[in-house]
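Only one structure is covered here, and it is reproduced in the block below.
The values are calculated or read from the model by the stated rules, or taken from the named source; none is laboratory data. Everything numeric in this text was worked out from a predicted model, so none of it was measured. Quick reminder, even Gly has a Cβ in these numbers, built from the backbone with ideal geometry, and neighbours come from all protein chains shown.
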Amino acid sequence: MTIPASAPPPPRRVLLIKPSALGDVVTAMPVLRGLRRTFPEAHLAWLVATPFAPLIAHDGDLDEVILFDRRRLGRAWRSPAAGRALGDLLRGLRAGRFDWAIDLQGLLRSALFAAATRARVRAGFADARECAATFYTHRIAAVAAHTVDRNIELARAMGIDARPSDMTLQVAPAASEFAERLLRREGLRRGGFLACVPPTRWKTKQYPERYWRKVVADLAGRTRVVLLGAAGDRALCERIAASGPSGVVNLAGQTGVGEMAAVIAAAAGVVCCDSAAKFIANAVGTDVVVLVGPTRLERTGPYPTGTALLADVPCRGCLKRRCRHVTCMQSIRPSEVVCEATKMLAGQEA
């Protein structure tokens, strides 16, 4: 590609700062891929929150993973041990001798990490929150709406050949082996089941449990269904699984993020609310049906492909985490979800 005249000199060592959340880590993959393509000899490191490291630590385009233990370091102001650990992290960032630090998180904390590197080039979004942009040497005014396109726009402004097709995940070998053992244990075949992911972090994004029960029961009468979620979601998924045939497999709490990606990669399709599962599906090449209510399709919808079922209410896209009536997700009928999921399944079997 043609590097913009304003782009800084090519780096030897680059730190990518995108600690969390899970879906946001996936949407940053085009920047990593673009960096490797543009600077094949550079040392590429990623500062990532500890729980999400298994998703990228094995990636062939990455040379180093720097762990950010948010839970522990968040106590630095009141715990001497945590304070020492934070100091060690900051000193390690300085010792990394990075030429570039690219902050895709856009918060004060992540900008301070960039500043700690003392890299001559510290890039981030001009509209970063919490005055984070004051710590950047290169402030990129992105105009794209979607979070993936914004990351690509920032990268390209830095002379990085990032592309939409770069949003890909490499499934860890150990996670792939987990998925293969699961398939054998449950009598499943690759591409022969649907993965449903009921949980989501916002209450306003949650599809009603009674609706999930109807969806899973109907789909389980057509194909095998695997439920995915964290340990805290196990009871919810058990209740949903109980509404369908005995063949529904509840894996909630039994997979880390790497294993979750491997199961999704083996599925015929994914049905989920607006959660990280949609981006993981996109990144491993699995089709997805996403249920969208308070969030905005143009900003965080499936990328680059996928089916979105939109809430039929005037206030859709409000971005509220709390709501008095929470009617948007209830407006998406289970029959619609089953219909789109069945189309997805038929497309895999064609």
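The set of residues from the range 143-166 being buried (at least 17 other Cβ atoms within 10 Å of the Cβ) and assigned to a loop (DSSP other than H, G, I, E, B) comprises H146, M158, G159, I160, D161, A162. Among the residues of the range 316-339, those identified as surrounded by fewer than 17 Cβ atoms within 10 Å (Cβ to Cβ) and not in a loop (DSSP other than H, G, I, E, B) are Q330, S331, S335, E336, C339. Among the residues making up the range 204-219, those that are over 13 Å from V338 (Cβ atoms) and either of a type in the set (S, T, Y) or without any contact (Cβ under 8 Å) to a residue 24 or more places away in the chain (or both) are T204, R210. The condition of being buried (at least 24 other Cβ atoms within 10 Å of the Cβ) and at pLDDT 95 or above holds for only one of G269, G285, that being G269. A single member of E180, E238 is farther than 23 Å from G285 by Cβ and either assigned to a helix (DSSP H, G or I) or not assigned by TED's automatic domain parsing to the domain that holds F113 (or both), and it is E238.
Applying the criterion of being of a type in the set (A, V, I, L, M, F, W, C) and not in a strand (DSSP E or B) to the residues of the range 288-315, the residue that is surrounded by the most Cβ atoms within 10 Å (Cβ to Cβ) is A311. If the condition is being over 27 Å from the mean Cα position of the chain (by Cα) and modelled with pLDDT of 95 or more, then the range 221-246 contributes no residue at all.
Restricting the first member to the range 180-203 and to residues that are free of Cβ contacts under 8 Å to residues at least 24 places away in the same chain, and the second to residues that are of a type in the set (A, V, I, L, M, F, W, C), the beta-carbon pairs closer than 7 Å and six or more apart or on different chains are R189/L183.
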